[in-house]
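Please read the structure below before turning to the comments.
Throughout, read-outs are computed from the coordinates displayed, never taken from laboratory work. Just so you know, these numbers come straight off a predicted model, no measurement behind them. When we count neighbours, we look across all protein chains shown, and the Cβ atoms used for this are built from the backbone with ideal geometry, even at glycine.
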Amino acid sequence: MNPRVNPSVARPVVSQRAGITIRRTGVNLGAEISGVDLRHPLPDAQFAAIEAALVENELIIFRDQDITSEALMAFGRRFGELTVHPFAPNEGKNAPELIKFRNDETTPPFGTDVWHSDETFRAEPPMATILRATDELPAVGGDTMFASMSAAYDGLSDRMQQYISGLHAIHDMKPFRPLFGQSLEDRKKLQQFELMYPPQLHPVVRIHPVSGRKVLFVNPQFTLAIDGMEERESRALLDTLFHQALIPEYQFRHRWEPHTIAMWDNRSTQHYAVHDYYPQRRYMERVTIKGGPVTGVPRADPASVRRAKYVAPEGVDTHGGHKPH
Ligand code: OGA
Ligand code: MN
């Protein structure tokens, strides 16, 4: 690791705002918020403090919040419009915005044990996600891992930061294709989804719209390739960039207890649901908050990366001693 001073170390561990307490639990991301009751609408000042804490800490945790699905949706709506996931199991007509993950002996978890930000196959991926644990949780296992992709960006060398600035990557709904079978009906359905959710180009380095921090914005679940590169180059670069989320210094491991609520800033983090608990039960509820356009950083110093034809100075043998006949 680079022995640079991490500016996050200097931030206070405990702070108080609008009567709520924010205690940081990780250096690069993670904080627990206490002194709020999410069963009831929050006073504006408390809501503003939570909204700021989300951006600052990237992941916020609320313990002992035994709230209804309706209260979860109402809390989510304070941040913006809730979106409907095209593929995740939801509550149907009454509350399509409410995702229910019910994993047990008959339904193993699907598709969350890969590092990802949520729904980056969309033109405008969600700004945040809120996940609520019910009281049906594994006795052991089923943690969720998070990674700060702003810290992951900061940890890249200056050379790499410069190199990836201004690149765009293709994001795709590929992980959901296996949900469709081979029947004609299924293939038609899949085709409709593909028309509704065509591959999207997103900047590899995005600027967080609130904090202004730079964020590494590629993930192994949805990112297919770097635009404008040879496939082999793209694969090698993505492999290097995906690896950033695996570095423990940028991670935080969250342990669920009954009625814990976790909310992550989907613009600056990735997560991974640890699938180690099957066949135990794990029942969770989720709402997702609509995001805005993804703004990238400009290409850094194009002149320095433009390929120039090598012109040998006078008198230099460019054939290295091999003379053409
Ligand atoms: C999600 C997700 C993580 C988990 O809800 O987007 O990836 O721990 N879930 O269930
Ligand atoms: Mn997810």
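The table below lists the values:
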item: Separation in nanometres of the label points that stand 7 Å from Cα toward Cβ, at ASP239 and ALA18; result: 4.7 nm
item: Amide H within-cut-off set for GLY296, under 5 Å, with H built and near neighbours excluded; result: ILE207
item: DSSP H segments from the chain that extend 15 Å or more along their own axis, Cα-based, with Kyte-Doolittle mean of 1.0 or above; result: none
item: Highest-MSF residue in the chain out of THR240, THR129, THR223 [GNM, Cα springs under 10 Å]; result: THR240
item: log₁₀ of I(q)/I(0) at q = 0.11 Å⁻¹ - the chain, Debye sum with one point per alpha carbon; result: -0.74
item: Sequence-distant residues sharing a close amide H with SER165 (under 5 Å, placed H); result: ALA300
item: Fraction of antiparallel bridges per DSSP, segment 1-139 only, in percent to nearest 5; result: 80 percent
item: Neighbour-count ranking [beta-carbon atoms within 10 angstrom, fewest first] of SER157, SER268, SER150; result: SER157, SER150, SER268
item: Kirkwood Rh, angstrom, segment 35-185 [1 / mean 1/r, Cα pairs]; result: 18.6 Å
item: Cross-link pairs beyond the 24 Å C-alpha cut-off, checked among LYS100/LYS188; LYS100/LYS214; LYS174/LYS290; LYS100/LYS174; result: LYS100/LYS188; LYS100/LYS214
item: Estimated FRET transfer efficiency (LEU179, SER211; beta-carbon r; R0 41 Å; 0.05); result: 0.70
item: Built amide H within the under 5 Å cut-off of TRP256, gap 5+; result: THR144
item: Nearby aspartates and glutamates by direct alpha-carbon distance to LYS93 (threshold 19 angstrom, same-chain neighbours under 8 apart not counted); result: GLU70, GLU81, GLU285
item: Highest-MSF residue in the chain out of LEU131, LEU195, LEU216 [GNM, Cα springs under 10 Å]; result: LEU195
item: Ranked list, fewest to most other Cβ atoms within 10 Å of each Cβ, for TYR197, TYR250; result: TYR197, TYR250
item: Point-to-point label distance, ASP135-VAL27, nm (Cα→Cβ direction, 7 Å offset); result: 3.9 nm
item: Using θ = phi - 60° and Karplus 6.51 cos²θ - 1.76 cosθ + 1.60, couplings along segment 19-36 (whole Hz; Gly, Pro as x); result: x, 10, 10, 10, 10, 5, 10, x, 6, 8, 6, x, 7, 9, 10, 10, x, 10
item: Cβ-based exposure ranking for MET196, MET263, MET149, MET73, in which fewest neighbours within 10 Å come first; result: MET196, MET73, MET263, MET149
item: Ordering of 115-121, 30-36, 278-284 by packing [mean C-beta count within 10 Å, highest first]; result: 115-121, 30-36, 278-284
item: For segment 7-303, share of DSSP beta bridges that run antiparallel, in % to the nearest 5; result: 95 percent
